[in-house]
Each structure stands twice: as structure tokens, then as C-alpha cells.
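Trainee: One structure, pasted below without further comment.
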Amino acid sequence: MYDHAFLGWLNSRTRTKRLIALLVILAFLGLSATPTIAAVQQASERRAVQQSLEPSGWQAMEQTVTQLRRTLLELRGHWDERRDALDPQAVADLLDRVDRLHQRLERQQDKALAREQRLAERLARGNVPEHVRERHRQSMDGVGERLNAVLSALQGVTVEDPETLGPDAIDAALGALSPDEDVRPARAPEPLRLPSKAVEPEERREPRTTPDAFIKDELSSRALPELAAHGEFDLEGLPGASEPRWLESTAEVTLTEAIKDKAAELGHDPVRIHAWVRNNIAWLPTWGAAQTAEHTLSSRQGNAFDIASLQIALLRASDIPARYVHGTIEVEADAFRNWAGGFEDIGNATDFAASGGIPLTTLVQGGEVRQVRMEHIWVEAALDYFPSRGAVMESADAWVPLDSSFKQYEFFDGIDVAEVTGIDPEQVAEQFLGSGTLKEEAGYIQGFDAGILQATQNDAEGALEAHIASLPDDATVRDVLGGREIITRDFTMLPARLPNAITTVGARHDALPAALQHRITFGLGRDILGNLLNTVEFAWSEVNGERITLSFSPATADDEAALEALLPEGDIDDPADLPDTIPAGLVNLVPELRVAGEVVAKGERLAVGEEMDFAFRVNQRGIGVDTAGKDVVAGSYLHVTVAGGSVSPARLDRVRQRVEATTDALESENEQHLAGLTREELLGDLFHAGMLGYFAQLEAFSHQQAREVSAQVNLAPSAGTYGYTPNVSTLFGIPRAITPGGVTMDLDRIARTVSQPEDPDFDRATLNTQIGALTSALEHGIPEQQFSTEDERAEGISAAKALAIANAEGQRIYTIDQSNRDEALAALNLSSDTTSEIRQAVDAGREVTTHTDPVAVPGWQGAGYVVLDPETGSGAWLIEGGLNGGFLDIVNNLFFNLSGAAVDILSFLGRTIQAIGDYATALQDVSRLLIGAAAVIKAAATWTETESIQKTAMAVAINLMVSFVVVATVAFLATLTISLA
């Protein structure tokens, strides 16, 4: 066991602190006790995982070609390095290996040709059009010719006497085995991206202080002709009030049934509407419209744009003209500290708001900050203001300014976890540090027992459960976790003025201009310069939390007929008889982007197994523009997630209702009900539920983590994909078929605004990295929640989980920077692509944490690695293959085998069900997965709960606290936690 002097030494070692702290974070995320990690010592489990990774078909042939290429390169090296003294035995051994691989390739060729011949016969019997069958013939003729050329070239290497072999024969064989060049245009190089990041503007923006400044930036008001009075409320006496635009629906001002119901509940009374919005909707210190009025109504939080949109919607739904006002105000410093999140330091408060993009500056008097000058959005409504100040509405006489965003809060600390649990921080720290090996100069740790931290977590959980059980029945989540509560005000009439001084009125808007909206543009393809192709653009509020899917449909009726021909003839008694492969080149597909089930964009035609560059461009107002992209296999089905600000509980509930309706239809086994199901209902809602659950849990967990170190965090505009991706079998680098793959979660942008913690043991980069670890853990955790059953737990993978598995296996865990790059890279037994990416990141000034050897879960084998910016804590939490997220294997699931066919799931699943005499297996699979989706929604809805809850629901609070609070309360470990100062 180390003594306190050693602990002091360790605390001065920055890289070692980061490395140990990462392991601490992973342990407290509950990763050290997952089934895969527990199974690393079980040989039978390891064999099962290994069997799931064994290649077949075209994959096996590609593996043989790769092994031949490597063996021949090694053989060729004998001539390059030892021309004068060849080692006969070494050459003979290599030639023997070439001969064995040669024979294996011949056998695989025979099987492949026989398999393709059977397919050709099936296509002919299925009346597939001749031009489609010709595609298949040409593809197979090309493969046959290429394989024959390879086998012929290998004959020249197969000699009885090694001395008669020359380098020319080896070069000829290598040439025949070389992969084809990628025919796609090269993508313009992109800088190293860090998807999990804290955003902030490059320079703090000053607020505009004159109307001319707003006009210069094209933010001026626009005029429209007036109309007559609306309804019973007389508008004629107020100039401009009768313009129709003040009552219309817009992208943010959504006049939905929920809005109309709320307006009716409030009696269409402007005083009650103002009071309710002001007293119930929390302000987020960010800039740019991100949510619709209904979204804000449901989530009970939003920035000034979102809150103004809600108030305007409620007023317009009450036939009261209302509009946005964009201007500049001044707020007293103490009030601003409270408003922005309860900060003690005004500098931390203004930095946090500025990082959200708000233009602001401080006004200093006598050496102290007295006010904060900031741009702001408020509301003006055409009201009967004199003399009742809106209490009596007969005839409009004034445009009345209203600001429901500004308010003050009461803050609550929650329970003292350290006191409740009685944890001894230094004892836990010393036990943990004494359980493994530290190599400071080499930059690695090994063999640390995460079970020590897990035991601490379990003890804490027991103590917390006992304490929470003793709380009153009306205890709330806030009482346990802490938080804030709006200090309400009673209104019998509207206020006489805004709560803060207005210095400039810049513009008035009926609808927010694009320059004040966060926006996202999707592109189905990119050109050689990186420009998006086949684009469609949205205001962020229009797609925030919406069901967006990227799928592929047969390009023509002939392509659909080819897919139908792949089904076996006659009755299917066993789902295993269904096709598990689709030849590449046989079917052409068209990518389709759908929003709420409606096609909004289509891409260029692709063959099954080809890749499309799917990209999106985020314009975050006040911050800047960010473009991200990925290669999507034709045959995938992905939910495209757009999130920011908050998650709407109402949207969660709507998805839950749709999932339950689909589950009922499936379980009914009623052909009419089944015929009404679409691919969007079967797959879209499944993955939509998962991503809503992801961001709801991320929001709850990250807020709790920030609260424990006296900091604030908000979800900034984020986007990514979650869905089914088939495996692509290649030969000579060219796609030959797609086979059942897995669920992939690939978050291309997980952005947030993060404040400087006011806990002296933490800094902003530390907290940012901790939240990054959380984003990674949820990338395997959410799929596992959805796809696990009581009898069988699904096994996903993420960067966080891969590192935890590697530590449990006793691997070295390296943190690599430029000081130990060469030594660390030499110790890694990872793929060349992964090693190259790590080297590139380190050379660019990043720090990379990874493990030495591949780890495996069913269907996946490789490495997890974390690329961090040491100054900010932003990072990329990657798994091998380039995913900024996670993977879960579902190769044995019938439902996804079918969806991998890349056709409309309604027609394909429907035809398959008709062909199966007993289709209970298919229905059970689909139903089980949708029930898993409902479970995630239920969990996500629980995270958003703010009302009084009973003791039986307090397990939610325990989960939140145990996962994160223990890290903060173990004081010494807190000082270890990735101190990036």
C-alpha cells in the first residue's frame, strides 16, 4: 500500500493522474461489473465470442487473399534484405504456407461459384428481368476472371526448388492480389474532429448597442399591410396590430393542440399566460432558437428564444397579436449570477452565458462588475393595457413588452452523500492505487482492481437506499439530488415595465429570421471538395427530437423483383431458411431521408453494399458552423438524431404510444393490422426511442455530475445516427455481398456548454472529459437496455467499455502523447489503421488513451481509444472502425436479418410472413424489441420527472447519485480526475 507521500507525488504527475482518473470514471459508470468483463476468465464464453467473429463466404475468401498478400510480401522481403544469403528453410516454410493458402482459395472459389450459380437459377425462376440478371452475370464473370488470374499467378510461385524462384514471380502474384483502386472521388481531407465537445465562440461577442448595428447585420424589422380587427378583440385603435403575421404559426410558434389546450386552460388571459410562462419555464443561458413552443411547453425549459416562442404561441392561440423583440438589456450583476445558474463568481456566470453564444459584456464601476449588458429576446403583445394593464381585454391600445425569461431561483443542495455514506476517501484511494502497476515514464497503468471502486459504489448504494427510505413520502427528486426552483410571483395585472433596463430595441419579428435560428442541412453525398449534395435544410426547432430516418429503397420495380426472388420457394418451416446474404451489384437502391415519415430528400442510385457519404452541417448561432459526415452502407436503416436544449417528455410519450400500438398490432397476429405497419413504425420508432432515451439520460446524468462540482452544463445542438448497419463482404476491396450486421450508434456531434466548476478541485476540462466518458458509456448502454431480455443480456461495445474490458483482462492501458509516442505505439498489437489514427492524433497535439490488445464481444473485435484535447477535455471516444459510438451484434435476430435486405420492411416482412407457416418467431422478435424501446422511453421519462415522487421511485435518484456523486465525494480521487490545468 502506498503512503501519503506517494499520493502527493502522484498528484503532481499530470499524465498519470489523467490515466488513473479515466479508470476511476469508468469504474463509477458501473462498467467493471458488466457480463462481458466478468466472463473474460471463462473459456467457454471466450470461445462463443470468437465463433461469432469467424468469417464465412466472401469474408473468408477475402481473409485468404489478405493472408496470401502478407505471406508473399514477407517472402519478397527475403530478396530485398538478404539477396546474398537467402535462408532456404525460411523461404521453404513461406512457400509451404503459400501452397496451403492457394489450395484453400481454390476450394473457396468452387463454393462461391456454385453458390452464385444457384442464385442465378433462382433469379431465372423468379422471372427477374434480363437486365438485372445480366448485372449479376457480369459481376460474377469479373470475379471469376480475377480469381483465375490470381490462381495462375500463384502457380508461378509454387515451385519444388526454392532456389529457382525469383522476385519477378512473387511480384506478379502480388500484383494479381492487389486490391482494386477505390473508384469513388477522394474526399477532401478533414481536420481531426472531436465530436464530444464543449463549444464556445472563438471570440466573445459584444452586444449591439444601436439600431443601426441591427440593420447592418440584417436583423431589422419588416413591415406588412394591416387587416381588419380579429374576432371580438378590437385592433383598429393600435397601429400595426392588425397585421396577419402577428397571429400566424411559424417554425417555432407552433399552434398545436397542446398549445391551444394550454391557452384555453389559462382562459386566453394575457395576465395568466405571462404569469404561467414566467413561473414555470426555466431559462437556459444559450443563444439561438432551438425548440418549438410545444417542445418548450413540455420540457419546461428553454433559452430566451424558446420561452418567447412559447409565450407568443399561447397569446396567438388566444387571438392576441404578439411578436418577438430583439434588443439589448442591462441586468444587475447579482441578479445575473442567480439567473445564469446560481454562480458565486460573476466571471464564471458571464463566461458560461458567453460560451452559449450570448453577446454580452460587463459594466464595471469602482473596480467591480455592477451590471451585465447582453442581447436578449422578449415579447410584445397588442393588449388593452390602459387602465387595467391587461386584466380587461376589450380594445388594443398598446404594444406591451413582456419578458417571461427573466426570473430568480432558489437553489437546493440535496443530501450530503459523503455524510450519508461515510466513505473514507484516502483509504479508498490508497487501496485502489495499491492494486495495480504505475509506469510513469512509459505512460501506462496495469492491473488496477476496479472492483475496489465497485465495492465502494455498492456500499454507497446501500447507505443511500436506507437514507432515502427514511425520507417523507412527499420527497421529491430535487430534495435528494438538489437543484433549483423558480421563485414565483403573483400577477393580478401585467407588469408596468420589463424587469431589466432596455438600452436598445433593435428589431421586431413575426417569425424568427434564419440568422437567429440554429439550422441544420443534410446532404446525401458530398463532392470532391466536400460540398454537400442532394441537400435539405431545416430550422433546428423543426427537427429537434423528431423522427428522422435514412433508409434505402429499391430503385425500380425490377430491383424489387430481384429481392423477392431471393426468398426460398414454397413454405418456410425454419427462419434459418431465409436469406442471410444479398449479392452486391444485383440490386440498385436509392437513399431516402424521411422526417416524420415523409421523404424530404433522395440521393443518387447505389448498388447494394456501396457506400454513400452522408453529411450534415450545423449552424449554431453565436458559435459557428460545424460539418460532419460518415460513410453509410447501402442497405442500412438509420435513425438520424437531432437534439439540443432539452428532451421533450411529450415527444417521449408520443413515441411510447406509437411503440405500444405497433406492439399490439404485432401480438394480435391479425393480417389486417400487420398490413398497416410500415418500416417507419417497425424500425423508425425503435431507434427513435433509443435516441430520445440516450439524450434524456445524458441530460439528467450530466446535470447531476456538474451540480456535484458546482458547475452548469447545457446540451448544445447535437446530431448523429443510431440503427442497423449490415456487414459488407469484399473481395479485392470491392463489395461482393451484404450479410446480417449489427446495431451501430455513431454520434458525430455531442456538444454542450460547460461552465468553470466552482469546486476548487475541478476545472472545466475535467468536467468536460467526465461527461465525455458518460456519452461513451451510454453508447453501449442504451442498445443493451433495448435489446436485453430477462433471459439473455445483449452485449454492446463502446470506447469506455472496451477500456474497462481491457483493464479487467490485465492489459496495459496507455495514455500516449508526444513524449512516449514511439515506445507506446511499439507496444500496441492493434490494427494498422487504428495505430495510424493514434499516431496522427498524437502528432496533432492530442492525447490518446488505449489498450495494447484487441478485445471482443459477440460480433465485434478491436480496440477502444479516446482522443482528447488536453486543454479543453473535448474528445473522440472511438471504437475500431471509425465509429464515434458503439456497436451491438444482432446477427441472429430474424427481424434484423430481414431489415438488412434494405427494402421497405412492410412489403418484405409481409411477404416473408405469408411464406412462413408459423411466423410466431418473427412476431416475438419484433415485439420484444419494441417492448425494449418502451422500456427505454419509460426510463427516459423518469429522468425528466420533476414532481413529487414516492419512495419506491427513489431508485432513480440512487442510480443518478451512485454513478457520479461518489466520484465527487471521494475527495482524493477527485483531485486525480483528469486535471488538465
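The values are calculated or read from the model by the stated rules, or taken from the named source; none is laboratory data. Here the structure is a predicted model, which means the values were calculated and not measured. Note that we place each Cβ from the backbone using ideal geometry, even for glycine, and neighbour counts take in every protein chain shown. We work out accessible area using only protein heavy atoms, side chains counted, and drop any ligands, DNA or RNA first. Shrake-Rupley method; radii C 1.70, N 1.55, O 1.52, S 1.80 Å.
Trainee: Provide the per residue accessible area, probe 1.4 Å, for region 731-831, rounded to a whole number of square angstrom.
Mentor: Each residue of region 731-831 exposes 28 Å² on average to a 1.4 Å probe.
Trainee: Expected output is a single nm value to one decimal: the length gained when fully extending between Ala596 and Gln67, i.e. 0.36 nm times separation in residues minus the C-alpha distance. What is it?
Mentor: Full extension of this stretch gives 185.7 nm more.
Trainee: Please turn the phi angles of region 308-319 into ³J(HN,Hα) values with the Karplus equation 6.51 cos²θ - 1.76 cosθ + 1.60 (θ = phi - 60°), one per residue in order, whole Hz, x for glycine and proline.
Mentor: 4, 4, 5, 5, 4, 4, 5, 5, 5, 5, 9, 6
Trainee: Apply the Karplus curve 6.51 cos²θ - 1.76 cosθ + 1.60, θ = phi - 60°, to the phi angles in region 533-547 and return the couplings in whole Hz, x for Gly and Pro.
Mentor: Along region 533-547, the couplings run 10, 6, 8, 8, 10, 9, 5, 4, 4, 5, 10, 5, x, 7, 7 Hz.
Trainee: Could I ask something else about it? Show me, for region 266-273, the HN-Hα J-couplings you get by feeding each phi into the Karplus relation (A = 6.51, B = -1.76, C = 1.60, θ = phi - 60°), rounded to Hz, glycine and proline as x.
Mentor: 8, x, 6, 9, x, 5, 5, 4
Trainee: Distance from a point 7 Å along Cα→Cβ of Ile215 to each backbone N in region 312-331: keep the residues under 14 Å and list them by number.
Mentor: The answer is none, because no backbone nitrogen lies closer than 14 Å to the label point.
Trainee: Express in % the proportion of alpha carbon pairs of region 55-177 at distances exceeding 20 Å.
Mentor: In whole percent, the long-distance tail amounts to 50.
Trainee: Kindly flag which residue pairs out of Lys197/Lys801; Lys216/Lys407; Lys630/Lys801; Lys111/Lys630; Lys439/Lys801; Lys602/Lys801 have an alpha-carbon separation exceeding 25 Å in this structure.
Mentor: Beyond 25 Å: Lys216/Lys407; Lys111/Lys630; Lys602/Lys801.
Trainee: Tell me, what is the FRET efficiency for Leu471 and Glu344 to the nearest 0.05, using R0 = 41 angstrom and their Cβ-Cβ distance as r?
Mentor: With a Förster radius of 41 Å, E is 0.90.
Trainee: How high is the FRET efficiency from Glu823 to Val392, r the C-beta distance, R0 51 Å, rounded to 0.05?
Mentor: After rounding to 0.05, the efficiency reads 0.05.
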